[in-house]
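Everything below concerns the one structure shown next.
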Amino acid sequence: MKKINRKNFLKKTALGTVALSTVAAACGTSEQTSTDGSPAINTGKKYRWKMVTTWPPNYPIIGEGLEKMAGWIEEMSSGRMKIKVYGGGELVPPLESFDAVSSGTAEMGHGGAYYWAGKAPAAQFFASVPFGMNAQQMNAWLVSGGGLELWRELYAKFNLVPFPCGNTGVQMGGWFNKEINSLADLKGLKMRIPGFGGKVLEKAGGSPVLAPGSELYTNLERGVIDATEWIGPFHDYKMGFQDIAKYYYSPGWHEAGTTLELFINKPKFDALPKDLQVIIETASLRCNNWMLSEIEAQNSLYLDKLIKEKNVDIRYFPDEVLDQLRVYTDEILAEITASDPFAKKVYASFDEFRQRAKAWAAVTEKVFYNKLQK
Ligand code: CA
């Protein structure tokens, strides 16, 4: 296939202002190539893709953001690419999204990388680990600190290409029906807290319970569980926890800035024309920012609502409790990195970045919060 320099081509024609589609038609069926050899420029081929997700259908902000992203991709591609977004369970069960995209049943998926820790222990570093990094630091590590390259390397083994696509910001610690004044109060505590956070609670003598979001309200109301975490004021308010729990604890030590992910079937992504690849990447980054911004804006409104309208009692975990949970987290991290070489490699990058970000924040962000915006 012959490489054509479009700019020169346009200059040489008497029809410099001719519509690009006409130019494409004039080029016949020959497909142009980009500098890296992938197919480039509008070949006119239409793509109709499916996106499976781990979230309930039409989930506020997250599902909404994915619908927006599908719209942006359709607009930027002038309708060449249309994506239908499926809620969890509509096409495949929520936690089968990863396998569905890996096998090509669907072209795209959206979730949180920590859901796949059972398949790849290193995956959780790309979503959230307890006492990890906040949204700003996660974005900096992924985009500019080498995190995304490691993520791509890991997911390539599963036939997938990942992109950061949303972040919850610092989550809340959860809703409790008993006060947490010391470590002893965690002993025997039945709490819905998934994944890594649940393992930490277990080390503290608690009983982590796994239950889907739809069952949490009833479980907490009936005393099947003593506590539950979810996300933050906006999403928690919608669940109604304020009506059945006494205390709302801060901070979400287990999820300080959870990155959400878009993952795409690799052969299908690689076969796309270059411009569509860039359009998807651009839309995903916009979505990454939109979800974080929207959650931040809504959380501040709903925290106010919870306090003023619902008289919610905000509590803070004592330092003694947080310090010990950090010790248990480090023990679990040591176990994961000892048994999985790729997790060791990712954690080395993650932790090195976190230490530098922490030192930088100590002289800037921390001072900002303590002195400028106190
Ligand atoms: Ca959570």
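The values are calculated or read from the model by the stated rules, or taken from the named source; none is laboratory data. The model shown is predicted, which means the values in this text are computed figures rather than measured ones. Note that we place each Cβ from the backbone using ideal geometry, even for glycine, and neighbour counts take in every protein chain shown. Note: areas computed on protein heavy atoms with side chains; ligands, DNA, RNA excluded. Shrake-Rupley method; radii C 1.70, N 1.55, O 1.52, S 1.80 Å.
How much of the accessible area of the chain, in percent, comes from carbon and sulfur atoms when a 1.4 Å probe is used? Kindly include the intermediate steps, with their values, before the conclusion.
Details: 9580 of 17800 Å².
Within the chain, the accessible surface is 54 percent carbon and sulfur.
At 1.4 Å probe size, with no ligands or nucleic acids counted, give the accessible surface of Ser214 in Å², nearest ten.
100
Between Glu74 and Lys310, what is 0.36 nm times their sequence separation minus the Cα-Cα distance? Round to one decimal in nm.
Numbers: separation 236, 0.36 × 236 = 84.96 nm, distance 4.16 nm.
Result: 80.8 nm gained on full extension.
Taking the Cα-to-Cβ direction at Thr105 and at Ala211 and moving 7 Å from each Cα, how far apart do the two end points lie in nm?
Reported label-point gap for Thr105 and Ala211 is 2.8 nm.
Give, to the nearest whole percent, the P(r) tail of the chain beyond 40 angstrom, counting all Cα pairs.
Values: 14830 of 69751 pairs.
Considering the chain, 21 percent of its Cα-Cα pairs are separated by more than 40 Å.
So what are the ³J(HN,Hα) numbers for segment 91-107, from phi and the Karplus equation (6.51, -1.76, 1.60; θ = phi - 60°), rounded to whole Hz, Gly and Pro as x?
Each residue's phi maps through the Karplus curve to give 10, 9, x, x, 8, 9, 4, 4, 5, 5, 7, 4, 8, x, 4, 10, 7 Hz.
With no solvent and one equal point scatterer placed on each C-alpha of segment 282-339, evaluate the Debye formula and give log10 I(q)/I(0) for q = 0.16, 0.20, 0.28 Å⁻¹, two decimals.
For segment 282-339, the Cα-only Debye profile gives -0.85, -0.83, -0.98.
At 0.36 nm per residue, minus the direct Cα-Cα distance, what do Leu183 and Tyr369 gain on full extension? Give it in nm, one decimal, please.
64.2 nm
Over segment 110-167, consider all pairs of different Cα atoms and compute the Kirkwood hydrodynamic radius from their mean reciprocal separation; express it in Å, one decimal. Intermediate results must be reported in sequence, preceding the final value.
Working: mean 1/r = 0.0869 Å⁻¹.
Evaluated over segment 110-167, this radius sits at 11.5 Å.
Which value, to two decimals, describes the C-alpha radius of gyration of segment 143-279 once divided by 2.2 N^0.38 Å? Walk me through the numbers on the way to the answer.
Details: Rg = 18.9 Å, N = 137, 2.2 N^0.38 = 14.3 Å.
Dividing the Cα Rg of segment 143-279 by 2.2 N^0.38 Å gives 1.32.
Tyr47 to Glu153: FRET efficiency via 1/(1 + (r/R0)^6), r the Cβ-Cβ distance, R0 22 Å, to the nearest 0.05?
After rounding to 0.05, the efficiency reads 0.25.
Sorted from largest to smallest, which semi-axis lengths in Å does the alpha carbon gyration tensor of segment 181-229 give for its equivalent ellipsoid, taking the root of 5 times each eigenvalue?
So the three semi-axes of segment 181-229 are 18, 13, 7 Å.
If you take the C-alpha gyration tensor of segment 90-132, multiply each eigenvalue by 5 and take the square root, what semi-axes do you get, largest first, in whole Å?
Numbers: eigenvalues 96, 19, 13 Å².
Three semi-axes, in Å: 22, 10, 8.
Can you give me the long-range amide H partners of Ser207? Hydrogens built in the peptide plane at 1.01 Å from N, cutoff under 5 Å, separation of 5 or more residues or another chain.
Those lying under 5 Å, H to H, from Ser207 are Gly188, Leu189, Lys190, Met191.
Rounded to the nearest 0.05, what FRET efficiency do Val327 and Val278 have when you use their Cβ-Cβ distance and R0 = 45 Å? Mind showing how you got there, number by number?
Working: r = 45 Å, r/R0 = 0.99.
Plugging the Cβ-Cβ distance into 1/(1 + (r/R0)^6) gives 0.50.
Kindly report the accessible area of the chain per residue (heavy atoms of protein chains, probe 1.4 Å, no ligands, DNA or RNA), in Å².
Values: 17800 Å² over 374 residues.
Dividing the accessible area of the chain by its residue count gives 48 Å².
When all alpha-carbon pairs of segment 278-374 are counted, what percent fall beyond 19 Å?
Details: 3395 of 4656 pairs.
Within segment 278-374, distances greater than 19 Å cover 73 percent of Cα pairs.
Between the alpha-carbon centers of segment 229-275 and segment 95-158, tell me the distance in whole angstrom.
Going from one Cα centre to the other spans 13 Å.
List the pair-distance distribution P(r) of segment 203-276, using every Cα-Cα distance, as the percent of pairs falling in each 5 Å bin from 0 up to the bin containing the longest distance, rounded to whole percents.
The percentages, shortest bin first, are 3, 11, 18, 19, 14, 7, 6, 8, 7, 6, 2.
How big is the Rg/Rh ratio for segment 323-374, C-alpha atoms only, Rh by Kirkwood, two decimals?
Reported Rg/Rh, Kirkwood definition of Rh: 1.16.
Please work out the FRET efficiency for the pair Glu352 and Lys203, using the Cβ-Cβ distance as r and a Förster radius of 25 Å; give the result to the nearest 0.05.
On the way: r = 25 Å, r/R0 = 1.01.
Result of the calculation: an efficiency of 0.50.
Could you list which residues have their amide H under 5 Å from that of Gly132, counting only those 5 or more apart in sequence or on another chain, with H placed in the peptide plane?
Ala256
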